[in-house]
Amino acid sequence: MLPKASSSNLLINSFLPPSPTLRKIAHLPNKLPHTTTQHGSRFICLSKKLSIDTQKEETVIVGGGIAGLSTAVALHRLGIRSLVLEQSESLRTGGTSLTLFKNGWSVLDALGVGNELRTQFLEIQGLNRTQTLPQRFIQDDNHQQHRLSIKTHEGKDLRSFDFKDVDPSQEVRAVERRILLQTLANQLHPDSLQFLSKLAKIEQDDATGETRLELTNGAQLSAQIVIGCDGIRSPIAKWMGFPEAKYAGHCAFRGLAYYPNGQPHEPRVSYIYGRGVRAGLVPVSPNKVYWFICYNSSNPGPKITDPSVLKRQALDMVKNWPSNLVSTIEQTPDDTISRTPLEDRWLWPAVTPPVSKGRVVLAGDAWHPMTPNLGQGGCCALEDAIVLAKKLGQAMKSRQGSTEDALRSYGQERWPRVFPLTIRANLVGALLQWENPVVCSLRNELVIPKLVQIRPLLEHTNFACEPL
């Protein structure tokens with residue numbers, strides 16, 4: 001057990017049961033040989049230390065996702081070592097892709113991995129949008145034109161543009177999540193990543209300011225700084241007093257189609273709007289295409305773990321929709337298909353807790369989960385990483401100001417950015433998910449063609465990111 005601290009602690013075991021693998025590790029003898037697991041072409045530390053002795057660390061990052069790894073890389077480039085704790089056996093290998101706009105790419109450039117990723121993924125030229133009703137879809141004969149096209153179900157063109165026409169500096173690419181994580185991890189020393197490390201308990205010592213972490217395998221750590229990058233269900237955020245993310249009223253099927261002989265789509269995003277249902281196709285690489293179906297639902301429904309069932313459900317939902325959407329779903333390996341509820345958390349001032357508590361701080365989805373309607377979840381996680389690393393670097397290297405001040409400054413800089421984006425993403429989703437035929441007609445005849453200004457829609461991708 002951990003020594004008793006003067007502040008309250010949170011037992012996380014009650015809702016995060018250890019896996020059989022972790023139970024086995026917990027009963028291994030204290031003196032274990034150094035164990036590694038192969039990850040890609042490199043070997044990454046599986047467990048740095050599993051004895052009952054407390055492992056001392058200056059900076060611990062909980063969570064090996066986009067926010068966690070990008071923060072670790074940013075700190076590493078500033079000469080600051082961190083330890084990343086990841087509860088899984090390896091980096092995430094499943095999942096689909098995420099769309100990164102120019103703000104995300106500016107951060108990846110600062111982290112030194114932008115060009116490596118660019119060579120693997122297509123640059124998206126623009127967007128095609130069509131509106132369809134069940135049984136009444138009319139396909140655009142010019143669907144391969146290099147412009148955005150927003151149409152009604154009758155084929156009326158509502159809007160058209162290219163990303164570069166609106167903003168010459170814009171850059172849009174869909175990136176496979178697993179490759180992004182692998183690329184970031186490759187920038188770190190193998191000992192910086194510790195797998196099979198699920199958080200069981202966290203507590204702060206008010207006397208020393210240190211944070212003590214206990215893992216489900218029995219390992220204990222003491223850290224000067226803890227960065228919670230543990231996702232939308234973050235135990236650290238819960239310990240800090242943040243409410244659970246709220247369901248937005250929509251669920252989404254997602255998948256990554258694979259074409260061994262080359263995918264047939266132009267490098268453009270294709271959106272199809274119905275009543276309460278919308279779908280999208282995003283070319284990722286010469287062989288892969290990401291797709292999604294977002295639909296209204298009063299509740300998330302039961303969790304289904306069989307991807308073949310999810311695939312059938314997705315196909316049933318769009319069986320009368322464009323053939324290119326249906327064929328893309330049919331071309332998708334079952335193990336890439338998922339269905340998730342869309343959730344977010346609005347960071348109301350004076351209501352939600354601050355981003356930091358002592359020397360514990362949050363980043364990414366652990367702090368500001370948002371719906372994917374603006375394509376900014378991953379981009380904002382990258383922004384968090386670069387800003388947080390710079391603030392910590394200044395405090396730790398120059399000794400000007402306390403670490404606590406640096407974390408508060410990070411929150412003060414990031415909150416005006418992420419709070420409005422979270423609300424805006426939610427409202428855009430509500431607009432696109434309308435079901436009433438009269439309201440949908442208003443959306444198609446007035447809102448999209450006459451009221452929506454394209455340039456302001458992309459202004460949120462402006463982010464000044466200086467080199468580290």
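The values are calculated or read from the model by the stated rules, or taken from the named source; none is laboratory data. Not measured: the values here are computed from a predicted model. Every residue, glycine as well, gets a Cβ built from its backbone with ideal geometry; the counts of neighbours run over all protein chains shown.
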Considering only the stretch 221-247, how many residues are surrounded by fewer than 21 Cβ atoms within 10 Å (Cβ to Cβ) and in a strand (DSSP E or B)? 4
Which condition number in (1) in the same structural domain as residue 227 (by TED's automatic domain parsing); (2) free of Cβ contacts under 8 Å to residues at least 60 places away in the same chain; (3) not acidic (Asp, Glu) is the one that residue 382 fails? (2)
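Which count do you get for residues in the stretch 53-89 that are at positive phi and surrounded by 24 or more Cβ atoms within 10 Å (Cβ to Cβ)? It would help to see each step written out before you state the result.
Here is the first cut: in the stretch 53-89, the residues at positive phi are 63, 79.
Going one step further and asking which of them are surrounded by 24 or more Cβ atoms within 10 Å (Cβ to Cβ), we end up with 63.
Qualifying residue count for the region: 1.
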Residue 282 passes all but one of the listed conditions (1) touching a Gly at 6+ places or on another chain (Cβ under 7 Å); (2) closer than 21 Å to residue 260 by Cα; the exception is number (1)
What number of residues within the stretch 253-266 are of a type outside the set (Phe, Trp, Tyr) and surrounded by fewer than 19 Cβ atoms within 10 Å (Cβ to Cβ)? 5
Looking at the stretch 249-291 only, could you name the residues that are more than 14 Å from residue 327 (Cβ to Cβ), at pLDDT 95 or above and aromatic (Phe, Trp, Tyr)? 253, 290
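Collect the residues in the stretch 86-122 that are among the β-branched types (Val, Ile, Thr) and without any contact (Cβ under 8 Å) to a residue 12 or more places away in the chain, keeping them in residue-number order. Before you say what the answer is, go through the steps one by one.
In the first step, residues of the stretch 86-122 are kept if they are among the β-branched types (Val, Ile, Thr); the result is 93, 96, 99, 107, 113, 119.
Passing the criteria: only 119.
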With criteria (1) without any contact (Cβ under 8 Å) to a residue 60 or more places away in the chain; (2) out of contact with any Leu (no Cβ under 6 Å at 6 or more places or on another chain), residue 374 comes up short on (1)
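Can you tell me how many residues within the stretch 244-274 are of a type outside the set (A, V, I, L, M) and in contact with a Ser or Thr (Cβ under 6 Å, 6 or more places away or on another chain)? Before you say what the answer is, go through the steps one by one.
Step one: of the stretch 244-274, the residues of a type outside the set (A, V, I, L, M) are 244, 246-247, 249-251, 253-255, 258-268, 270-271, 273-274.
With the extra rule that they be in contact with a Ser or Thr (Cβ under 6 Å, 6 or more places away or on another chain), the set shrinks to 251, 254-255, 274.
Counting residues in the stretch 244-274 that are of a type outside the set (A, V, I, L, M) and in contact with a Ser or Thr (Cβ under 6 Å, 6 or more places away or on another chain) gives 4.
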Scan the stretch 339-375 residue by residue and report those that are farther than 24 Å from residue 299 by Cα and under 17 Å from the mean Cα position of the chain (by Cα). 362, 363, 364
Examine the stretch 100-113 for a residue that is surrounded by 24 or more Cβ atoms within 10 Å (Cβ to Cβ), closer than 20 Å to residue 340 by Cβ and not polar (S, T, N, Q), and state whether such a residue exists. yes
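Could you check, for the stretch 432-447, whether at least one of its residues is surrounded by 13 or more Cβ atoms within 10 Å (Cβ to Cβ), among the aliphatic types (A, V, I, L, M), over 22 Å from the mean Cα position of the chain (by Cα) and within 22 Å of residue 82 (Cα to Cα)?
no
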Which pairs do you get when a residue that is in contact (Cβ under 8 Å) with a residue 60 or more places away in the chain, found in the stretch 290-314, comes within reach of a residue that is among the charged types (D, E, K, R) and exposed (fewer than 12 other Cβ atoms within 10 Å of the Cβ), reach meaning Cβ atoms under 8 angstrom, with the pair 6+ apart or on two chains? 296/435
Quick check on residue 298: is it closer than 19 Å to residue 341 by Cβ and in the same structural domain as residue 388 (by TED's automatic domain parsing)? no
Identify, by number, the condition in (1) modelled with pLDDT under 50; (2) of a type outside the set (Ser, Thr, Tyr); (3) at positive phi that residue 95 doesn't meet. (1)
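So, in the stretch 248-296, how many residues would count as being of a type in the set (Lys, Arg), in a strand (DSSP E or B) and within 20 Å of residue 433 (Cα to Cα)? Step through it out loud before you land on a result.
Keep residues of the stretch 248-296 that are of a type in the set (Lys, Arg), which gives 254, 268, 275, 278, 288.
Now narrow it down to the ones that are in a strand (DSSP E or B): 254, 268, 278, 288.
Pick out the ones that are also within 20 Å of residue 433 (Cα to Cα) and you get 254, 278.
Number satisfying all stated conditions: 2.
To keep it simple, each residue is scored yes or no on (1) out of contact with any strand residue (DSSP E or B) (no Cβ under 8 Å at 6 or more places or on another chain); (2) at pLDDT 95 or above; (3) surrounded by fewer than 24 Cβ atoms within 10 Å (Cβ to Cβ); (4) assigned to a strand (DSSP E or B).
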position: 339; (1), (2), (3), (4): no, yes, yes, yes
position: 343; (1), (2), (3), (4): no, yes, yes, yes
position: 347; (1), (2), (3), (4): yes, yes, yes, no
position: 350; (1), (2), (3), (4): yes, no, yes, no
position: 365; (1), (2), (3), (4): yes, yes, no, no
position: 370; (1), (2), (3), (4): no, yes, no, no
position: 373; (1), (2), (3), (4): yes, yes, yes, no
position: 379; (1), (2), (3), (4): no, yes, no, no
position: 383; (1), (2), (3), (4): yes, yes, no, no
